[in-house]
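K.L.:
I am attaching a structure below and will ask some questions about it afterwards.
The values are calculated or read from the model by the stated rules, or taken from the named source; none is laboratory data. In this text, all values refer to a predicted model and were calculated from it rather than measured experimentally. Note: ideal-geometry Cβ built from the backbone for every residue, glycine included; neighbour counts use all protein chains shown. Keep in mind that these areas ignore ligands, DNA and RNA; they rest on the heavy atoms of the full protein, side chains included. Shrake-Rupley method; radii C 1.70, N 1.55, O 1.52, S 1.80 Å.
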Amino acid sequence: MAKAKPKLPDELQRPLTMASTSLQMQGIDPNNSPEYGILAEAYHRKQMMEPEQQRLRSIFRRHDHFYYPSTVTLGGADHWAEDPSARTAGRAHVSVNLHPSYVNIPASLQAIMPVVNYVATDTSKEGRASAARRERLFFAWAESNEFDVRLEEACLYKCLYGHTAAKISWDSKKLIPKLSIIDTPENLYLGYGDSNYNRIDWAVYNYGLSPQAAEEDFGIEVFPVQDGNKWWPYTTAASHSDPLANLYSKEFQRQPNRINTWYDDMKISVLDYWYKKPAKKRGEPALVCNALIVGNTIVSQSEHPELQGNLPYIVLRNSIIPGSPYGRSELYDVEQLLREKDERITAQAQMIQSIVGGQMWQLVGGDAPDEVPANAIPKPGRVATPGPGNELRAIQPFIPQFQIEDYNRRIDREIAVVTGLNDLLLGLAPSSVLGSSRAIASLVANYEQRIAPKRKLLYSWIKQVWEVTARMWGEMDPAIAELLGDEFRLEITPPELTPRDTLELAQTALNLVQGRIWSAERAMDRVGVEDPEGEKDLIRDEQTDATLNPAAVMTMGNLMALFQQLQAQGVQMQQMQAQQAQAASQLQAQQESAMNAYRQQGAATGTPMMNGGEMGGLPPELVPGNAQAPGSAMPNADQMIPQDTMGGQ
């Protein structure tokens, strides 16, 4: 049984009613309209999360007030102007606006650009070259999006509010993925799909556009209509197919530090609605879909299979809170201590004012009148006449004796324990500390350990942002897809926070290269060189420039002359070896020719006498025993020996 949808407030239900009426006038049943179903689903899902968003909104407005006080008194910006000390005449009131320092310093230190390297898929030369090309692609995207500025924004918002998010979209003008940071996290509605808050089923981001911007970007016409004493913007597609303009009632939240003008009141609400369609086959990622709703008009619908079931909103938390999808703001724990500091400094100022506010006198004597005459009040350069028998006495104010500064230092110590910010990072370090590089390195190293978990979350977020960006880029550009090849692994190393650490890292890399432990390319990656291949090309160009490095060019010239000499000697040796091989081949050819001639000779040649025959044969006794076969007509020597002679022997 499906659960009942939450009841929408009147300001949200009215636009849906008007949209339904518009469809009915066109002869379309709203229940059978897919667009109306998406519109209603977006509004109902947004309303489901509204109580939680209101809670976040109240917390964020409180932090906004501390970061940028909206109340300005005669003494300046005041973040606790509601205290009676600020409204009571004759009372001292001091507003110590230290809150921005405890947000900006951690944010700026975490936003220092880390060392980013693309990890090769294998150790072959081609694998390293492919990783270098992908790394250059990453830095090209980062440069196009001003990634250092986006990183500063993300760190500021997460330190102030506890969390923020990045949005990845396609820039149709630059033809490259665009990175934007959500500056109002309370306007980002996320529907988490599990209790661990690791899965997001849908997302709605609500922001405002002026009528002119809406017409330029989406072709939506906006015109004001008065409803009672208030003007409301109506939206229409400027077509005869929409006979009734869709009423819009704005509900997105604006910044409290700016007064809403009439022009702001005419801004229309934009719902960037992302949702998922389950895959047809089990195990496959869901299909991510997007509907862009301007006012009450769906201006675009699209499907994004390249996102692999992930929404383009990547949440960045400032810290980990068990059982919560949010992070902890930098002001969450330090707020009470800063309030105590405000009150104690105000009390000290009041005590000082009571002492130096003016000398107090009293008129004593037996005939002292109830009302002090004007000539009895002491004035500079004039004589006071209290009257006969009367006396003017000074009233000494009560001055309490206690260690005010010790208490203030105790508060500062507790603030340092909570935030980790020491005097060096706050700019209050004495000269003895500033003159010692070892002390500076120790204090910075202590704070690095405090922000190490936050850095890890930030660098993990960068990897997720790049993976979504790369998949979207590859889907839009086949050449980029071929270059990336579904390889998105980045290696991110935290940067050094002090120049001394940077010099030590450079010296360590130099020693490892000279010791043949690291290659020059790995050393360049470690110290933060974006393009090691290009850097090596520049080094080659400089080393071959005689005006910059004459000694290196001379050495290279000597080496080239030596190589040419060795090459000439090698050519001579090759020629001699070729001649020897040719002579040997000729001799072998002659021997083979003689042997062939001998084999091809049919009969013996020479004189008949020497060849045998009549009067030329050998006598039988000179013929060997094996020269005549048995049974032949001509007996051999063995056959001619008598048997008895043999037996007598």
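K.L.:
With contacts defined as alpha carbon pairs under 8 Å and 6 or more residues apart, what's the relative contact order of the stretch 98-199 in percent?
P.N.:
Normalised by residue count, the contact order of the stretch 98-199 is 22 percent.
K.L.:
Can you give me the convex hull volume of the Cα atoms of the stretch 490-569, divided per residue and expressed in Å³?
P.N.:
147
K.L.:
For a paramagnetic label modelled at 7 Å from the Cα of Asn196 toward its Cβ, which residues of the stretch 274-293 fall within the zone defined by backbone nitrogen distances under 16 Å?
P.N.:
none
K.L.:
Give Lys46/Lys281; Lys46/Lys463; Lys167/Lys463 a once-over and call out the pairs whose C-alpha atoms are over 19 Å from each other.
P.N.:
Lys46/Lys281; Lys46/Lys463
K.L.:
Could I ask something else about it? Pulled fully out, how much extra length does the chain show between Ala452 and Gln336, if you take 0.36 nm times their separation in residues and subtract their Cα-Cα distance?
P.N.:
39.3 nm
K.L.:
Also: How high is the FRET efficiency between Ser432 and Gln575 when r is their beta carbon distance and R₀ equals 51 Å, given to the nearest 0.05?
P.N.:
With R0 = 51 Å, the Cβ-Cβ based efficiency is 0.05.
K.L.:
Using a 7 Å offset from the Cα along the Cα-to-Cβ direction at both Ala140 and Ser101, what is the distance between the two label points in nm, to one decimal?
P.N.:
Result for the modelled spin labels: 4.6 nm.
K.L.:
By average Cβ neighbour count within 10 Å, what is the ranking of 53-60, 87-94, 291-298 from highest down?
P.N.:
291-298, 53-60, 87-94
K.L.:
Determine the gain in length on full extension of the stretch Val364-Asp486; use 0.36 nm per residue of separation and subtract their C-alpha separation, reporting nm with one decimal.
P.N.:
My answer for the length gained is 34.3 nm.
K.L.:
Please say if the stretch 77-120 is rounded, prolate or oblate, where rounded means a/c under 1.5 for a ≥ b ≥ c the square roots of the C-alpha gyration tensor eigenvalues, and otherwise the choice is prolate for a/b larger than b/c and oblate otherwise?
P.N.:
prolate
K.L.:
On to the next question. Classify the stretch 409-463 as rounded, prolate or oblate from the Cα gyration tensor: take a ≥ b ≥ c as the square roots of its eigenvalues, call it rounded if a/c is under 1.5, otherwise prolate when a/b beats b/c and oblate if not.
P.N.:
oblate
K.L.:
By how many nm would the segment from Leu548 to Ala374 grow when fully extended, if each residue of separation counts as 0.36 nm and the alpha-carbon distance is taken off?
P.N.:
53.6 nm
K.L.:
Answer rounded, prolate or oblate for the stretch 443-523, using the Cα gyration tensor with square roots of eigenvalues a ≥ b ≥ c: rounded when a/c is under 1.5, else prolate when a/b is larger than b/c, else oblate.
P.N.:
oblate
K.L.:
Among 519-526, 321-328, 161-168, how do they line up by average Cβ neighbours within 10 Å per residue, starting with the highest?
P.N.:
161-168, 519-526, 321-328
K.L.:
Sticking with this structure for a sec: Evaluate E = 1/(1 + (r/R0)^6) for Glu303 and Tyr598, where r is the Cβ-Cβ distance and R0 equals 60 Å; express this FRET efficiency to the nearest 0.05.
P.N.:
0.10
K.L.:
Rank these by accessible area, largest first, 1.4 Å probe: Val418, Val465.
P.N.:
Val418, Val465
K.L.:
Could you order peptides 369-382, 120-133 by the average number of other Cβ atoms within 10 Å of their residues, highest first?
P.N.:
With the highest mean Cβ count within 10 Å placed first, the list reads 120-133, 369-382.
K.L.:
Let me ask something else. Cross-link candidates for Lys341: which aspartates and glutamates have Cα within less than 18 Å, leaving aside residues fewer than 8 places away along the same chain?
P.N.:
Partners found: Asp78, Glu82, Asp83, Glu330, Asp333, Glu405, Asp406, Asp412, Glu414, Asp423.
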